[in-house]
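S.K.: I have a structure here, written as structure tokens, and I will follow up with some questions on it.
The values are calculated or read from the model by the stated rules, or taken from the named source; none is laboratory data. Given the structure is predicted, the values throughout are model-derived calculations rather than measurements. Virtual Cβ from ideal backbone geometry, glycine too; neighbours counted across all protein chains shown.
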Amino acid sequence: MKKYWCILVFFTISLIHFQTLFSQSLFNPDGLTLIEITFENSNWDQQLDAFYAADLNERLLATIEINGESFDSVGIRYRGGGTYNADQGKNPFNIKLDYIKNHDYAGTETLILNNGAKDPSFVREVLSHDIANQYMPSPRANYAKVFVNGSYHGLYVNVENVDKNFMSLSFNSNRENTFFDCSPDGTIDPPIVGCAEGIGSSLEYLGASVECYKDYYDKKSDPIGGWNELVNLSNAMEASAGDIENSINIDRAIWMLAMQNLIVNLESYIGAAPENYYLFRDENDRFNTLPNDFNETFGGDALLDQGQQELTLTELQYLDPLLRSNDNTHILMKLILQDSRYKRQYLAHFRTMLEEIINSGWYATRAQELVNMISIEVTNDPNKIYSESQFIANLNNTTTIDYNGTMIDIPGVAELMNQRLTYLLAHPEFTKTPPGINNIGHFPLDVIPNSNNTITAEVTDADFIYLGYRNNLTEVFQRVEMFDDGNHSDGVAGDGVYGGDIFVGLEGIQYYIYAENSNTDVGTFSPKRAEEEYYNLTTYGDVVINELMASNSTIVADQDGEYEDWVELYNNTSTSMNLNGYYLTDDANDLMKYQFPNVTIDGDGYIIVWLDSDPSQQGLHADFKLSANGEELLLVNANLQVVDKVVFGAQTTDVSYARFPNGIGEFVAKVPTFNSSNGLGSANVNLAKELGVKIYPNPTQDYLTIEIKEDEDLEVDIFNALGQKIRSFQLSEKIQLDIADFRNGFYWLSTKGRVLGRVVVQK
């Protein structure tokens, strides 16, 4: 008999915010990355200047230490357009760890270090990345103290490199997909005969020939193919084709464009010449937008149109949220704002960020945190571009700077946004009351794999509601209309409860709800951050795939001391089950790859199968391995019916992919719990007592204090209820953490793979 716990009800409608697991230490949001560069020659600066001038992408060899980890034979060059100047002491770096040898730092092969040019506040770039990462795939950024040949060289912005590896992890891609950097370098050749003249990377249609586009887009993926796909996308844009969503992820584009407008980033798609974003074609053959280059956000660039005067501070504060609605040179913006549904969704996403980031005061608090974090380093920076007084002033006030020989005014971040907030809150589009979406549930409560189910919700002030749903992260959200007609498990017709019918397969369903009122021209999502956030409807069977590891380097070895791939099965019932005749496979076309022998899995018990292509070994060893780049794994019964399946993307070494909660939840990347419950707190609840660690207050709202009596430093990770690592910090004696941005729920503190304790956030 199956066990139905209260936790099942919670997680059946639990909120999921997809976050790809990356190394936390390189981009620690609450600390500085330490980078030490050693060149053999003392004239390294002159050599790098010469390489930059020659524009041959040549690099100078060096040894580098990152947070104490050393790498030799790395390749370094200067980078940047307007941020590079041969006469300044601190130029931006591009550092390739794998230039000669196969080096990487926790999966990162290239470091991007920016110098903060044109930003006397030194917070714009990091702050903007912090905002973007809450709503869309985006590179992370923090600060790095950089030493060169033993001397402090200066404080840099450390930005995550957007490369094929980043794209693969961010978009769950297992192949080398088409990838464009949409940032023209300014050297546009005269138009080719038969080609229209473009303005930046606008996506406007320039002609049928791929040659029409090569001055405006830089293809970073394999040189074979890709250009025709871009031409087809631009053609669909021009025609405003009804199936445009087959060509581009509109929702992701809306998030990016709304954010650029909100934070007044005119060095972007919405600026004078559309630029500074990426296009990545995913597994569903749709292009996805990805923002890039945030060094001139919050009014750092004030040029709205080419050849015209820069905007004044007042004009920046009053930047129209519907900017470019009739502009053919910004075809993506025009397409979104001239379609009534897209426009409502754009304003819904805009409203969410306006409330969560600006009106809540989050951006101001975070900006001040960043200033406090780096103020000493700015003071001590021997090569700082702007004075300490300019740094202090520009968070709040306009600061005049000398930018490559031109005196320009950079508005204060708070000065700009305080008035912009007042303007936006009074804007007619944001004084409307959006529909209400409440009491989301499903019927029947017992979610059986491969069965029909209904999602229900109470909705007010709406005349159209749809349910967006998909099976897993690799799929596109499908849509089905929801009704209040009494025929969709919605109760009585006209009672305000709406239902949408869907088929739930083996993997369960990820979903969100959208509602709009065409009369008032306003829409809303639930959850507010859809499609980046979504609800999860989980299914489970009697025996399930519970945890797997496709890149096991040091975690656990088999009986012969070999660190191999493995999978853990779990019995969701209280009765033992014999697996004789069951199969495991990683190929849906070959269901009988590995057949279980006469083996029994206890009720509420676990069993491990080593996936090492060595069935001759003693124990359960399958004759196939898993791919660390991602694939699928299926559990098949004796009747050759698939009873459980998991599809996974690229895996991180020594990090498992496991159901959370144990046996019934969706799969998340987490600390491995080999042959035991995936609940973080089950095995090591006494560790805090052993180490003398105190965690208080608990429950808490805005801050958390952690103390340790032992004379040692601990690297501590914080996991959310879904097992996702959301923060790391160094614990020594006592630390107070600001957790004001944490949502209600419980969180786990862990060190060295062991749990320190559970914290409840209750606001």
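S.K.: Any residue in region 252-260 that is part of a loop (DSSP other than H, G, I, E, B) and either buried (at least 19 other Cβ atoms within 10 Å of the Cβ) or among the hydrophobic types (A, V, I, L, M, F, W, C) (or both)?
M.R.: no
S.K.: Conditions: (1) modelled with pLDDT of 95 or more; (2) farther than 30 Å from Thr398 by Cα; (3) among the hydroxyl-bearing types (Ser, Thr, Tyr). Ser240 meets all but one. Number of the miss?
M.R.: Among (1) modelled with pLDDT of 95 or more; (2) farther than 30 Å from Thr398 by Cα; (3) among the hydroxyl-bearing types (Ser, Thr, Tyr), the lone unmet condition for Ser240 is (1).
S.K.: Name the residue, out of Thr329, Thr352, Thr398, Thr314, that is of a type in the set (Ser, Thr, Tyr) and loosely packed, with under 14 Cβ neighbours inside 10 Å.
M.R.: Thr314
S.K.: Considering each of Gly723, Gly649 in turn, give the residue that is surrounded by 16 or more Cβ atoms within 10 Å (Cβ to Cβ) and modelled with pLDDT under 75.
M.R.: When all the criteria are applied, what remains is Gly723.
S.K.: Further question on the same structure: How many of the residues in region 264-314 are under 23 Å from the mean Cα position of the chain (by Cα), part of a loop (DSSP other than H, G, I, E, B) and of a type in the set (S, T, N, Q)?
M.R.: So the count comes out to 7.
S.K.: Can I ask one more? When only residues in region 590-621 that are touching a Lys or Arg at 6+ places or on another chain (Cβ under 7 Å) and part of a strand (DSSP E or B) count, which is nearest to Phe648 (Cα to Cα)?
M.R.: Only one residue tops the list, namely Leu611.
S.K.: Asp320: farther than 21 Å from Ser170 by Cβ, assigned to a loop (DSSP other than H, G, I, E, B) and at pLDDT 95 or above, yes or no?
M.R.: Against the criterion (farther than 21 Å from Ser170 by Cβ, assigned to a loop (DSSP other than H, G, I, E, B) and at pLDDT 95 or above), Asp320 qualifies.
S.K.: As an exercise: evaluate Glu58 against (1) assigned to a loop (DSSP other than H, G, I, E, B); (2) out of contact with any helix residue (DSSP H, G or I) (no Cβ under 7 Å at 6 or more places or on another chain); (3) among the acidic types (Asp, Glu) and give the number of the one condition it does not meet.
M.R.: In the conditions (1) assigned to a loop (DSSP other than H, G, I, E, B); (2) out of contact with any helix residue (DSSP H, G or I) (no Cβ under 7 Å at 6 or more places or on another chain); (3) among the acidic types (Asp, Glu), Glu58 misses (2) alone.
S.K.: Please work out which residue is surrounded by the most Cβ atoms within 10 Å (Cβ to Cβ), limiting yourself to region 111-168 and to residues that are hydroxyl-bearing (Ser, Thr, Tyr), over 22 Å from Ala62 (Cβ atoms) and in contact with a helix residue (DSSP H, G or I) (Cβ under 9 Å, 6 or more places away or on another chain).
M.R.: Ser121
S.K.: Given the condition over 26 Å from the mean Cα position of the chain (by Cα), in contact (Cβ under 8 Å) with a residue 40 or more places away in the chain, under 29 Å from Asp614 (Cβ atoms) and outside any strand (DSSP E or B), answer yes or no: does some residue in region 525-545 qualify?
M.R.: Yes, the conditions are met somewhere in region 525-545.
S.K.: Is it fair to say Gln368 is of a type in the set (S, T, N, Q), buried (at least 20 other Cβ atoms within 10 Å of the Cβ) and at pLDDT 95 or above?
M.R.: no
S.K.: Could you please find all residues in region 438-459 being in contact with a Pro (Cβ under 9 Å, 6 or more places away or on another chain) and either of a type in the set (Asp, Glu) or surrounded by 13 or more Cβ atoms within 10 Å (Cβ to Cβ) (or both)?
M.R.: Correct list: Asn453, Thr454, Val459.
S.K.: Anything in region 499-524 that is farther than 20 Å from Leu473 by Cα, of a type outside the set (A, V, I, L, M) and not in a loop (DSSP other than H, G, I, E, B)? List them, or say none.
M.R.: Gly499, Gly500, Asp501, Glu516, Asn517, Gly523, Thr524
S.K.: Can you find even one residue in region 8-25 that is crowded, with 19+ Cβ neighbours inside 10 Å, modelled with pLDDT of 90 or more and either of a type outside the set (Asp, Glu) or not assigned by TED's automatic domain parsing to the domain that holds Ile739 (or both)?
M.R.: no
Residues are listed down the side, and each one gets a yes or a no for (1) within 20 Å of Phe280 (Cβ to Cβ); (2) among the aromatic types (Phe, Trp, Tyr); (3) in a loop (DSSP other than H, G, I, E, B):
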{"residue": "Asn172", "(1), (2), (3)": "yes, no, yes"}
{"residue": "Asn177", "(1), (2), (3)": "yes, no, yes"}
{"residue": "Pro184", "(1), (2), (3)": "yes, no, yes"}
{"residue": "Ile188", "(1), (2), (3)": "no, no, yes"}
{"residue": "Pro191", "(1), (2), (3)": "no, no, yes"}
{"residue": "Gly198", "(1), (2), (3)": "no, no, yes"}
{"residue": "Leu203", "(1), (2), (3)": "yes, no, yes"}
{"residue": "Gly207", "(1), (2), (3)": "no, no, yes"}
{"residue": "Glu211", "(1), (2), (3)": "no, no, no"}
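S.K.: Which of the numbered conditions does Ala557 fail, given that it passes all the others? Conditions: (1) at pLDDT 95 or above; (2) surrounded by fewer than 19 Cβ atoms within 10 Å (Cβ to Cβ).
M.R.: (1)
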